[in-house]
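Q: Pasting a structure here, questions to come.
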Amino acid sequence: MRVLSGVQSSGTLHLGNYLGAMKQHLELQQENECLFFIANYHSLTTVQEPERHRALTHDVALDYLALGLDPGRASLFRQSDVPEVTELAWILSTVTGMGLLERATSYKDKVAKGISPTMGLFCYPVLMAADILIYRSDVVPVGKDQVQHIEMAQDMAGYFNQTFGRPVLKRPEARLNEAPIVPGIDGQKMSKSYGNAINLFDPPEQTRKRIMSIKTDSTPVEAPKNPDACNVFALYRLMASRQESMALEARYRAGGMGYGEAKKALAEVFERVLGPARERRVRLEQDPSYVEDVLQASARRARAIAREVMAEVRDACGLVSGKDTHR
Ligand code: AMP
Ligand code: TRP
């Protein structure tokens, strides 16, 4: 099974990225052919300061490696190191109706948040479909906010195959885990741009303060509390063991425990899960050329697949005269 996913280099990665998407990526690398990339063409729709963009891109690579991406098993590359995706995006755009893109909820959300409505932002799902289809990906592990984009990629594969009369592109499937929408400290979906994120690799004290500031209701300490309506418990459950979750759940229901205690428990489990990765990240920061080597070697592998598929794509739509279409 070929697994593919991307993370934008548009800001500091947070717990929602890890629990919803990257954790799945790391698990899947054990048994599957995995391609993960830093979606820097996509983040160009929001980050347009070149030095900051370069730094954010390097940061995503460090984060993945620190969290346990094994470059011996999985590929980790920059999207822009396989420029063929932009060619496929163009070709897909010629078989895709405007109506499909006009229904994209993430475009509307982003424009409502003040992001400039460029052609790039509007066509974002076409490029994302190209990312997926160019590797003939079987499975795309993501958080729930990306499912509509993957459904669009399924549609675009169908439009292409139907228009050109050949089954060149493969229909991908989305994969969600138990954390499809991780809440932020205000209870809304955790997001790089909502000011509600708990970052993966802030210093421990800063992370603890952030966790202590999670919004809770005003139930008094003595009163029983509903764990299912609490953001602190929602995050705890996603990181603690089953037994730990059951024990904390019982304390919520029994009363006599304030939210402060639950937050302390969450801060501890956060440290246990992410502390070792933070240390690995500090070591990796010392070795930028190792990180660059991983990105480049991975890009070569990914690009070889992309070129083969593009040769078939070009042939199918009559852009070349014969079969031997490698550039
Ligand atoms: P992005 O930062 O938008 O590139 O997202 C990278 C991955 O993290 C995508 O698969 C998203 O669906 C996932 N993701 C981002 N925020 C959350 C969240 N709050 N809950 C679950 N998954 C998320
Ligand atoms: N749009 C995704 C996000 O914002 C990132 C992304 C770009 C992606 N191309 C992809 C994810 C292809 C999965 C597959 O999170």
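Q: Please go through segment 105-129 and give me each residue that is within 16 Å of ligand 1 (Cβ to nearest atom) and within 18 Å of the chain's Cα centre (by Cα), ordered by number.
A: Thr105, Ser106, Tyr107, Asp109, Lys110, Leu121, Tyr124, Pro125, Leu127, Met128, Ala129
Q: Among all residue pairs at least 6 apart or on different chains, which show Cβ distances below 6 Å where the first residue, located in segment 130-151, is not assigned by TED's automatic domain parsing to the domain that holds Gln29 and within 10 Å of ligand 2 (Cβ to nearest atom) and the second is among the hydroxyl-bearing types (Ser, Thr, Tyr) and part of a helix (DSSP H, G or I)?
A: none
Q: Which residues, taken from segment 282-310, are over 25 Å from Leu127 (Cα atoms) and small (Gly, Ala, Ser)?
A: Of all residues in segment 282-310, those over 25 Å from Leu127 (Cα atoms) come to 282-291, 293.
If the condition is that a residue be over 25 Å from Leu127 (Cα atoms) and small (Gly, Ala, Ser), then Ser289 is the only one that fits.
Q: For segment 74-116, give me every one of the helices (runs of 4 or more DSSP H) that falls completely inside it and has 1 or more residues that are hydroxyl-bearing (Ser, Thr, Tyr). I'd like the intermediate steps shown before the answer.
A: Working: elements: 84-93, 98-102, 105-112.
Per the criteria, 84-93, 105-112.
Q: Right, something else. Whether any residue in segment 216-228 is touching a strand residue (DSSP E or B) at 6+ places or on another chain (Cβ under 8 Å) and either modelled with pLDDT under 95 or closer than 30 Å to Val111 by Cα (or both) is what I want to check. Spell out how you get there, then give the answer.
A: Pass one, segment 216-228, residues touching a strand residue (DSSP E or B) at 6+ places or on another chain (Cβ under 8 Å): none.
Looking for residues that are touching a strand residue (DSSP E or B) at 6+ places or on another chain (Cβ under 8 Å) and either modelled with pLDDT under 95 or closer than 30 Å to Val111 by Cα (or both), one finds none in segment 216-228, hence no.
Q: Test each condition in (1) hydroxyl-bearing (Ser, Thr, Tyr); (2) more than 16 Å from ligand 1 (Cβ to nearest atom); (3) at pLDDT below 95 for Tyr159 and report the one that comes out false.
A: Status for Tyr159: all satisfied but (3).
Q: Is there a residue being in contact with a Phe, Trp or Tyr (Cβ under 8 Å, 6 or more places away or on another chain) and surrounded by 17 or more Cβ atoms within 10 Å (Cβ to Cβ) anywhere in segment 161-170?
A: Taking every residue of segment 161-170 in turn, at least one turns out to be in contact with a Phe, Trp or Tyr (Cβ under 8 Å, 6 or more places away or on another chain) and surrounded by 17 or more Cβ atoms within 10 Å (Cβ to Cβ).
Q: Please give the number of the condition Pro83 fails out of (1) away from ligand 1 (no atom under 16 Å from the Cβ); (2) surrounded by 16 or more Cβ atoms within 10 Å (Cβ to Cβ).
A: (2)
The values are calculated or read from the model by the stated rules, or taken from the named source; none is laboratory data. Everything quoted here is computed from the prediction, not taken from an experiment. When we count neighbours, we look across all protein chains shown, and the Cβ atoms used for this are built from the backbone with ideal geometry, even at glycine.
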